[in-house]
Amino acid sequence: MSTRVLPDFEILIPRDVPEAVRTLAEYGPKALVMAGGTDVLVMMKYNLRSEYLMSLSGIDGLDRLEFDPGNGLTIGATTTIAQIVDSPEVQAHYPALWQAASVLGSPQIRNAATVIGNLLRASPAGDCSCAVLALGGTLVLESVHGRREVSIDDLWLSYGVTARRPDELAVELRLPAPGAGTFSGFRRMTRTSEDLSKLNASVRLDMDGPVCRSARLAMGCVGPTTVRLPAIEAILTGKVVDDAVLKTVQNAVEGCISPIDDKRSSAEYRSAVAGVLLRRTIAQALDV
Amino acid sequence: MKKREICLHVNGERHILTVAANTTLLHALREDLNFTETKYGCGTGECGACTVLVDGTKAILACMTLAATMDGKHITTTAGLARDGKLHPVQQAFVDESGIQCGYCTPGMVMKTVSILARNPNPSEAEIRHGLEGNICRCTGYAKIVKSVQRAAELMADESKAAE
C-alpha cells in the first residue's frame with residue numbers, strides 16, 4: 001500500500017557532470033539518482049528509503065538525442081521518452097524503441113520519464129528496456145575514476161539490480177547504426193493504457209532479403225529481468241522467415257521462459273500467449 | 001530536513017517560496033500558493049488530476065514532481081487559462097459540451113486538452129482518446145470529455161481564423 005507521502009531525504013542538485021560524479025563518490029550508495037523521478041518518487045511513496053536524492057534536473061546538456069547514420073543513436077541521461085516519441089529519426093531507424101516509447105506510461109509520464117531511467121529501474125516489465133535489449137546498445141557510465149561502458153546484454157544482474165556501481169552516473173546510451181536490412185519491432189500486452197505490461201516482446205532482425213542473417217529477440221515479464229531468447233534466435237538464423245519457421249518459433253517460446261504469477265497476470269497465461277506475441281512482433285517488424 | 005528557497009513562475013506571476021526536499025510541486029501549488037484548482041487525486045502518478053503545464057504546454061504530474069527541481073520554471077495551472085474574465089476556449093468547450101460532472105478530474109482534463117491541441121490542433125477521436133490517457137474520470141464515461149476536446153479544437157480554429 002502506498003502511503004502517498006514522501007519520506008524525509010536531503011536533495012542534492014549538481015550543476016554539471018563533474019559535480020555529479022564527485023557527489024556520487026562522496027555519498028555512494030546513500031544517494032539515489034533521479035532523472036524524471038517517475039520510478040524513484042513512486043517507489044519512495046511506497047517503501048523505498050534513501051538519505052539522499054541526487055537530481056539531474058540542474059545539469060544542462062544531458063538530454064541529447066542525436067542520430068548519425070554511421071555511429072547510430074546517442075541518448076542522454078535526461079533524454080525523455082517524449083523526446084523519443086517526437087523524433088522522426090527514431091521512428092524511422094529504431095521502430096522498436098519508438099513503438100515502446102509511444103505506449104510507456106501516459107503522456108505526462110512520458111514528458112518526465114527517461115530511457116536510461118527505464119533501463120536502470122531494471123524491471124522485467126520495462127518497455128524501453130525490452131526494445132533496447134533487442135536493438136542492442138551500450139550504456140556509458142562515468143565516475144571520478146573515468147568512463148566505463150557496459151553492454152545492454154550485461155547490464156541487468158537480477159530484478160532491480162544493474163551493473164552500475166553506486167559511484168557511477170549513467171551519462172549516455174548508444175544504439176548501433178541500423179543496416180540496410182535491419183528491421184525491428186515491439187509489442188506488449190497490458191490491461192489498460194497506463195498499466196505496466198503483463199508481457200512484452202521486441203525483435204531486431206538483420207535480413208538478407210527473405211533470409212534472416214541474425215536476430216536479437218527480447219522478452220519481458222517472463223523472468224527476473226528482461227531476457228534474450230538465444231534458442232529462438234538460433235531457429236531464425238540463416239532461415240527464410242516463412243510461416244513454417246514462424247510456427248516453429250511460436251511453439252518454442254514456452255520452453256525458454258519462466259514467468260511467474262503476479263498481480264498483472266499468471267504464469268499459465270503468460271506461457272500460453274508468449275509464443276503468439278513473439279510471432280506477431282516478428283511479423284510486425286517485417287511488415288508481413 | 002533542510003529547506004531551500006525556490007522561484008516558481010505560475011500563470012505568469014513570480015513566486016518565491018521555501019520548500020523542503022520532499023515537497024511535491026502539487027503541495028507547493030496547493031498549500032503554499034493556494035492554486036487549489038490543481039487537484040490531489042491518487043498521489044501516485046496514475047489519475048492525472050494534478051496535471052499542470054510546464055515550459056509552455058508540456059503536461060506533467062505535479063504529485064510526481066519535486067518542487068525543488070522546478071526552480072525557475074514556468075508553470076501553468078487551470079487558474080491561468082482565462083483572460084480578462086473570459087474563459088479559455090478549452091474551458092468554454094467543457095462547459096458547452098457538459099464535459100463536467102463532479103468536476104474533480106476537470107482541471108487535469110482541461111490542462112491535458114490544452115497540451116493535446118497545442119501539438120495537434122485537429123485531432124481525430126482516436127488521437128484524442130490516446131492523448132487523454134493518463135487522465136482518469138470516474139463519472140462521465142469519457143464520451144462528453146471527448147466531445148469537449150473536439151469542440152475546443154473547433155473554437156480554437158475559429159479563434160485563429162478570426163485573428164488572421
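The values are calculated or read from the model by the stated rules, or taken from the named source; none is laboratory data. Just so you know, these numbers come straight off a predicted model, no measurement behind them. Glycine gets a Cβ as well: all are built from the backbone with ideal geometry, and neighbour counts include every protein chain shown.
So, A:Asp261, is that one modelled with pLDDT of 95 or more and surrounded by fewer than 20 Cβ atoms within 10 Å (Cβ to Cβ) or not?
For A:Asp261, the condition - modelled with pLDDT of 95 or more and surrounded by fewer than 20 Cβ atoms within 10 Å (Cβ to Cβ) - is met.
Of all residues in segment B:89-100, count the ones that are surrounded by fewer than 20 Cβ atoms within 10 Å (Cβ to Cβ) and either in a loop (DSSP other than H, G, I, E, B) or within 15 Å of the chain's Cα centre (by Cα) (or both).
3
Taking segment A:4-30 on its own, how many of its residues are modelled with pLDDT of 95 or more, within 11 Å of another protein chain (Cβ to nearest Cβ) and out of contact with any Leu (no Cβ under 8 Å at 6 or more places or on another chain)?
Within segment A:4-30, residues that are modelled with pLDDT of 95 or more, within 11 Å of another protein chain (Cβ to nearest Cβ) and out of contact with any Leu (no Cβ under 8 Å at 6 or more places or on another chain) number 3.
Buried (at least 18 other Cβ atoms within 10 Å of the Cβ) and either within 13 Å of chain B (Cβ to nearest Cβ) or touching an Asp or Glu at 6+ places or on another chain (Cβ under 7 Å) (or both): which single residue out of A:Met34, A:Met1 fits that description? Write out each step before concluding.
Numbers: A:Met1 fails: buried (at least 18 other Cβ atoms within 10 Å of the Cβ).
Answer to the selection: A:Met34.
Given the criterion on the phi < 0 side of the Ramachandran plot, in a strand (DSSP E or B) and touching a strand residue (DSSP E or B) at 6+ places or on another chain (Cβ under 8 Å), identify the matching residue among A:Leu6, A:Leu32, A:Leu62, A:Leu24. Reasoning before the result, please.
Working: A:Leu6 fails: in a strand (DSSP E or B); A:Leu62 fails: in a strand (DSSP E or B); A:Leu24 fails: in a strand (DSSP E or B).
After ruling out the rest, the residue left standing is A:Leu32.
If a residue has to be free of Cβ contacts under 8 Å to residues at least 40 places away in the same chain and in a loop (DSSP other than H, G, I, E, B) to count, how many in segment B:101-157 make the cut?
Residues that pass the stated criteria total 14.
Return the residues of segment A:89-142 that are part of a loop (DSSP other than H, G, I, E, B) and either more than 14 Å from chain B (Cβ to nearest Cβ) or over 25 Å from B:Ala49 (Cα atoms) (or both); say none if nothing qualifies.
Quick first cut of segment A:89-142, residues part of a loop (DSSP other than H, G, I, E, B) only: A:94, A:104-106, A:113, A:122-126, A:136-137.
Selection gives A:Tyr94, A:Ala122, A:Ser123, A:Pro124, A:Ala125, A:Gly126, A:Gly136, A:Gly137.
Within segment B:49-69, is even one residue away from every other protein chain (no Cβ under 14 Å) and either in a loop (DSSP other than H, G, I, E, B) or touching a residue at least 12 places away in the same chain (Cβ under 8 Å) (or both)? Show your work before the answer.
Residues of segment B:49-69 that are away from every other protein chain (no Cβ under 14 Å), as a first pass: none.
No, that holds for no residue.
Please list, ordered by first then second residue, the pairs with beta carbon atoms under 6 Å, 6 or more apart or interchain, first in segment A:29-46 and touching a residue at least 24 places away in the same chain (Cβ under 8 Å), second basic (Lys, Arg).
These pairs meet every condition: A:Asp39/A:Arg121; A:Lys45/A:Arg4.
Select from segment A:247-277 the residues that are part of a helix (DSSP H, G or I) and within 13 Å of A:Leu199 (Cβ to Cβ) and list them in ascending order.
Within segment A:247-277, A:Glu254, A:Ala267, A:Glu268, A:Tyr269, A:Arg270, A:Ser271, A:Ala272, A:Val273, A:Ala274, A:Gly275, A:Val276, A:Leu277 meet the criteria.
Across segment A:216-244, what is the total count of residues that are in contact with a strand residue (DSSP E or B) (Cβ under 8 Å, 6 or more places away or on another chain) and under 16 Å from A:Leu205 (Cα atoms)?
Going residue by residue through segment A:216-244, those that are in contact with a strand residue (DSSP E or B) (Cβ under 8 Å, 6 or more places away or on another chain) are A:216-222, A:224-229, A:232-233, A:236-241.
From what's left, under 16 Å from A:Leu205 (Cα atoms): A:216-219, A:228-229, A:232-233, A:236-241.
So the count comes out to 14.
Looking for whichever is over 30 Å from A:Ala163 (Cβ atoms), modelled with pLDDT of 95 or more and not basic (Lys, Arg) here; the options are A:Leu246, A:Leu229. Which one fits?
A:Leu246
State yes or no: is A:Val161 among the hydrophobic types (A, V, I, L, M, F, W, C), in contact with a helix residue (DSSP H, G or I) (Cβ under 7 Å, 6 or more places away or on another chain), surrounded by fewer than 18 Cβ atoms within 10 Å (Cβ to Cβ) and not assigned by TED's automatic domain parsing to the domain that holds A:Asp262?
Values: among the hydrophobic types (A, V, I, L, M, F, W, C): yes; in contact with a helix residue (DSSP H, G or I) (Cβ under 7 Å, 6 or more places away or on another chain): no; surrounded by fewer than 18 Cβ atoms within 10 Å (Cβ to Cβ): yes; not assigned by TED's automatic domain parsing to the domain that holds A:Asp262: yes.
In short, no.
Name the strands (runs of 3 or more DSSP E) wholly inside segment A:153-217 in which the number of residues that are of a type in the set (A, V, I, L, M, F, W, C), touching a residue at least 40 places away in the same chain (Cβ under 8 Å) and within 30 Å of A:Val17 (Cα to Cα) is 1 or more. Outline the logic, then answer.
Numbers: elements: A:156-158, A:169-175, A:182-189, A:199-208.
Because the criterion is at least 1 residues that are of a type in the set (A, V, I, L, M, F, W, C), touching a residue at least 40 places away in the same chain (Cβ under 8 Å) and within 30 Å of A:Val17 (Cα to Cα), the strands (runs of 3 or more DSSP E) in segment A:153-217 that meet it are A:156-158, A:169-175.
Does B:Thr77 qualify as being more than 9 Å from chain A (Cβ to nearest Cβ) and surrounded by fewer than 16 Cβ atoms within 10 Å (Cβ to Cβ)?
no
Output yes when any residue across segment A:38-51 is among the acidic types (Asp, Glu), surrounded by 19 or more Cβ atoms within 10 Å (Cβ to Cβ) and out of contact with any strand residue (DSSP E or B) (no Cβ under 8 Å at 6 or more places or on another chain), and no when none is.
yes
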